[in-house]
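One structure below.
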Amino acid sequence: MHHVQINELAKNIVEKIINHKEIYNVGVHTLGNNSIVLDLTRASWIGGKLVGEICMGGLGTIRFSHYNLDNNFIPSVNVYTSEPLISCMASQLAGWSVKLKKEVEKNGELKKKVIFQSLGSGPARAKSRVEKLFDEINYSDNSEYAVIVFETSKLPNEEVMEFVAEKCGVDTNKTYAVCAPTACLTGSIQVAARIVETGIHKLHEIKFPIDIIKDGFGTTTIAPIAKDDLGAMGRTNDSISAAGMTYYTIEVEKEKEGELFELIKKAPANTSSSYGKPFIETFKEANYNFYDIDPGLFAPAKYTVTNTITGKSITVGKLNHSLLKQSYGLE
């Protein structure tokens, strides 16, 4: 599977969106350097689903379902992939911090002003390989395209797209950016669609050997759209930590299984010292400083892991409906 070019696969999905832009309610902008920016702020349900699949480099599938939150009918996603390391860690993870500064004159002095800043996800990460994580992932993409996803309402300009193209080693006319803020339908869908990736990322953080993961499946609620991005960030995080359920298959010898099953017990969100309140409250108490929040909070509510060599499974974690209803503003 390592010969598969995820930017090529994602570009095919991008072309599908462009060809159906009126149906999916997507804005398509061709910039002066012939790079293309897609605005999915007001996109349809299918538009949001396709953004999630772009994030996964075309190696993940997203389907809509529903969740019974104590008699509240909430839409949900089912996400699955048989290439979890490539689709989730090499593509979907929002690990590339794209930041551009420009010199401006202020009070007679030249100062640098940030003109664009956003975390980038999607298969372009596997082209740029600017993150240390890629030292651990045995995958490279030789595609001539680069597709990046920005969770932002500020669309990238020509300079940003030039920067992305340069880092990815491709021409600007083969560079695509897919954009949507958190506080919109696409935002809620694509964050929920990160459920499998979030689970693997947490396993990586606790030193679980993620290379033994063979398949991943996850489900969680699609957060009700919030009034602003801050509120949306809180709700989408709570969807994963309070209602997110993941299932992974692994292959490991019987002698190592017990040790790894014990390690998995440290993975669910409820093991974090910051767990227990809606994320927006925790964030406020931390004076809006992510570094004052235990990173272990960013994890699914539940894990089930099956070792296909022995046939044994383990389930850890718990759902938290009361926290989720509080986050969503439900009675």
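About the centre of its Cα atoms, the chain shows a dipole size close to 480 debye [charges on the beta carbon of Lys, Arg (+1) and Asp, Glu (-1) only; nearest 20 debye]. Each residue, Leu330 and Asn72, gets one label point 7 Å from its Cα in the Cβ direction; the gap between the two is 0.5 nm. Annotation: peptides 42-54, 161-173, ranked by per-residue average of other Cβ atoms within 10 Å with the highest first, follow the order 42-54, 161-173.
Reported to the nearest whole Å, the Cα centre-to-centre distance from the stretch 110-152 to the stretch 214-268 is 24. For the chain, DSSP calls about 75 percent of its internal beta bridges antiparallel. Computed over the Cα atoms of the chain, the ratio of the radius of gyration to the Kirkwood radius (Rg/Rh) comes to 0.97. If R0 is 45 Å, the Cβ-Cβ spacing of Glu251 and Asn33 corresponds to a FRET efficiency of close to 0.50. Between Lys214 and Thr249, Ile250, Glu251, the built amide H atoms are under 5 Å apart, and every one of these is 5 or more places off in sequence or on another chain. Subtracting the Cα-Cα distance of Glu281 and Glu15 from their residue separation scaled by 0.36 nm leaves 91.8 nm.
Packing around the peptides 262-272, 202-212, taken as the average count of other Cβ atoms within 10 Å per residue, puts them in this order, highest first: 262-272, 202-212. Summing +1 for each Lys or Arg and -1 for each Asp or Glu among the other residues whose beta-carbon sits under 10 angstrom from that of Gly27 gives +1. Amide H to amide H, with H built 1.01 Å from N, Trp96 comes under 5 Å of Gly120, counting only residues 5 or more places away or on other chains. By DSSP, the beta bridges lying fully in the stretch 194-331 are antiparallel in about 65 percent of cases. Computed per residue of the chain from DSSP H runs no shorter than four, each worth -39500 (n - 2.57), the mean residue ellipticity at 222 nm is -9000 deg cm²/dmol. Working note: Karplus 6.51/-1.76/1.60 with θ = phi - 60° gives the stretch 160-173 the couplings 5, 5, 5, 4, 4, 4, 5, 5, 8, x, 10, 6, 5, 6 Hz, where Gly and Pro are set to x. The amide H of Lys312, built 1.01 Å from its N in the peptide plane, has Asn307 as neighbours under 5 Å, considering only residues 5 or more places off or on other chains. For the chain, the residue among Phe298, Cys88, Ile280 whose Cα projects farthest onto the positive side of the dipole built from Cβ charges is Ile280. Highest mean first, the peptides 27-40, 217-230, 184-197 sorted by other C-beta atoms within 10 Å per residue fall in the order 184-197, 217-230, 27-40. Taken about its Cα centre, the stretch 1-88 carries a charge dipole of about 120 debye when Lys and Arg each add +1 at the Cβ and Asp and Glu each add -1 at the Cβ. The angle between the Cα long axis of helix 254-264 and the main principal axis of the chain comes to about 70°, on a 0 to 90 degree scale. Classify the stretch 167-319 from the C-alpha gyration tensor, please: rounded if a/c falls under 1.5, else prolate or oblate depending on whether a/b exceeds b/c. Oblate shape, in that a/c is at least 1.5 and b/c is the bigger or equal ratio.
Just so you know, all these numbers are worked out from the coordinates, no wet-lab data involved. Quantities reported herein were computed from a predicted structural model and do not represent experimental measurements. Here Cβ is always computed from backbone atoms with ideal geometry, including for glycine, and neighbour counts include all displayed protein chains.
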